[in-house]
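Peer 1: Quick one: this structure, given as structure tokens, is what I'll be asking you about.
The values are calculated or read from the model by the stated rules, or taken from the named source; none is laboratory data. Please read these numbers as outputs of a predicted model, since none were measured by experiment. Don't worry about glycine lacking a Cβ; one is built from the backbone with ideal geometry, like all the others, and counts go over all protein chains shown. To get the accessible areas, we keep the full protein, side chains included, count just its heavy atoms, and leave off ligands, DNA and RNA. Shrake-Rupley method; radii C 1.70, N 1.55, O 1.52, S 1.80 Å.
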Amino acid sequence: MKRFEQLKDLVMSLEGDFEKFYDKENQAAGTRVRKGMQDLKNIAQEIRIEVQDIKNKG
């Protein structure tokens, strides 16, 4: 569950940058969004591996 909390926190922390990029066309915010999305991808992959490991043990 710790990783899920990380995932939620990361999504919420990106909200401002999404608004700045899409509404105000702030390019630096776009860079932060891209980095955040890569971090989300990595956390999601870690969760997938963890779930699969637990599932295979059970």
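Peer 1: Give me the accessible area per residue for the chain, probe 1.4 Å, as a whole number in Å². Walk me through the numbers on the way to the answer.
Peer 2: Working: 4890 Å² over 58 residues.
Per-residue accessible area for the chain comes out at 84 Å².
Peer 1: Taking amide H positions as placed 1.01 Å from N in the peptide plane, with prolines and chain starts having none, which residues 5 or more places from Asn26, or on another chain, fall under 5 Å of its amide H?
Peer 2: The answer is Phe21.
Peer 1: Go through segment 16-21 residue by residue and turn each phi into a ³J(HN,Hα) via Karplus (6.51, -1.76, 1.60, θ = phi - 60°); whole Hz please, and just put x for glycine and proline.
Peer 2: Karplus-based 3J(HN,Hα) across segment 16-21 equals x, 5, 4, 4, 4, 6 Hz.
Peer 1: Which of the listed residues, Ile54, Ile43, Asn26, is farthest toward the dipole's positive end in the chain, when Lys, Arg count +1 and Asp, Glu count -1 at the beta-carbon?
Peer 2: The one lying farthest along the dipole's positive direction is Ile54.
Peer 1: Can you give the calculated 222 nm mean residue ellipticity of the chain, where each DSSP H run of n ≥ 4 adds -39,500 (n - 2.57) and the sum is split over every residue, rounded to the nearest 500 deg cm²/dmol? Display every interim value, and only then the final one.
Peer 2: Details: 2 runs with 54 residues, N = 58.
It lands at -33500 deg cm²/dmol.
Peer 1: So what J values fall out for segment 7-12 if you push phi through Karplus, 6.51 cos²θ - 1.76 cosθ + 1.60 with θ = phi - 60°, rounded to Hz, Gly and Pro as x?
Peer 2: Those phi angles translate into 4, 4, 4, 5, 4, 5 Hz.
Peer 1: For Leu7 and Lys57, what is the calculated FRET efficiency with R₀ set at 25 Å and r taken between the beta-carbons, to the nearest 0.05? Write out the running numbers ahead of the final one.
Peer 2: Numbers: r = 23 Å, r/R0 = 0.90.
For Leu7 and Lys57, the calculated efficiency is 0.65.
Peer 1: Leaving out ligands, DNA and RNA, what percent of the accessible area of the chain is carbon and sulfur, probe 1.4 Å? Write out the running numbers ahead of the final one.
Peer 2: On the way: 2670 of 4890 Å².
The computed percentage sits at 55.
Peer 1: What angle do you read, to the nearest 10 degrees and between 0 and 90, between the alpha-carbon axis of helix 27-57 and the longest principal axis of the chain?
Peer 2: 10 degrees
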